[in-house]
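The values are calculated or read from the model by the stated rules, or taken from the named source; none is laboratory data. Bear in mind the structure is a predicted one, so any value in this text is a computation, not a measurement. FYI the Cβ positions are ideal-geometry reconstructions off the backbone, even for glycines, and counts take in every protein chain you see.
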Amino acid sequence: MEETKLLRFLMLIIVSCTACITYGDEATQQWAQEIADRDRKIVMDNFKDMMQMQGFDSNLRDSVLKPRPVLQIFVSTSMPRQLLRAYAREASRYDGVLVFRGLPGGSFRKLTDLVLDISDKKHECAMQIDDEAFTGFDIKTVPSIVLSKPVSMFSEQTELSKFDKVHGSITIKAALEMFASRGDLASNARGILQ
């Protein structure tokens, strides 16, 4: 019960600070930002402590503290189905994710039909819609393949961390080999290839 009250109090402070940061004068904004930063640190420190407790899932803890590299294949519903099928099969092999910018024609049904058409029961592949990833990695043309190392949720870093990117109709294996030979995440690319 006390934890619930404390959590509500902290959430109230965070919401209040956000409002002050958005609508207050410069001095108020700075004060609110300092409180928000301090509260964020307290919450994150408590979360870290909780993750160290006995019984906490060690796999979950490791994935939160040390996120693994993410292989994303940026595609479009306008690409040939055969090419999308090939990327889906290869993405499943290398634990990659097909990333679409949005819904084709604004229709979930069209996207569902496409996913069913390019999916293979033997080679299941993760797919997602993420227009922010297109913007964040400055994806202007598809297909594009990105290998990135996400920032830990406990990091103070706000911008994207290192990533490797290649544009054009290239196989995922060829992109990983290129990253492995001369990319910022060469060792991660080699690990995925093995």
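Quick grid of which residues meet (1) more than 18 Å from Ala91 (Cα to Cα); (2) loosely packed, with under 13 Cβ neighbours inside 10 Å; (3) modelled with pLDDT of 90 or more:
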residue	(1), (2), (3)
Met153	yes, yes, no
Gln157	yes, yes, no
Lys165	no, no, yes
Ser169	no, yes, yes
Lys173	no, no, yes
Leu176	no, no, yes
Ala180	no, no, yes
Ser187	yes, yes, yes
Ile192	no, no, yes
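Criterion first (at negative phi, surrounded by 17 or more Cβ atoms within 10 Å (Cβ to Cβ), modelled with pLDDT of 95 or more and part of a strand (DSSP E or B)) does Leu84 satisfy it? Give the steps one after another, and end with the answer.
Working: at negative phi: yes; surrounded by 17 or more Cβ atoms within 10 Å (Cβ to Cβ): yes; modelled with pLDDT of 95 or more: yes; part of a strand (DSSP E or B): no.
When the stated conditions are applied, Leu84 does not pass them.
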Q) For residues in the stretch 90-128 being in contact with a helix residue (DSSP H, G or I) (Cβ under 9 Å, 6 or more places away or on another chain) and of a type in the set (Phe, Trp, Tyr), which is nearest to Lys140 (Cα to Cα)? A) Phe100
Q. Would the stretch 29-46 turn up any residue that is of a type in the set (Gly, Ala, Ser), more than 22 Å from the chain's Cα centre (by Cα), under 30 Å from Pro143 (Cα atoms) and modelled with pLDDT of 65 or more?
A. no
Q. Restricting the search to the stretch 87-119, which residues are among the small types (Gly, Ala, Ser), surrounded by 16 or more Cβ atoms within 10 Å (Cβ to Cβ) and part of a helix (DSSP H, G or I)?
A. Ala88, Ala91, Ser92
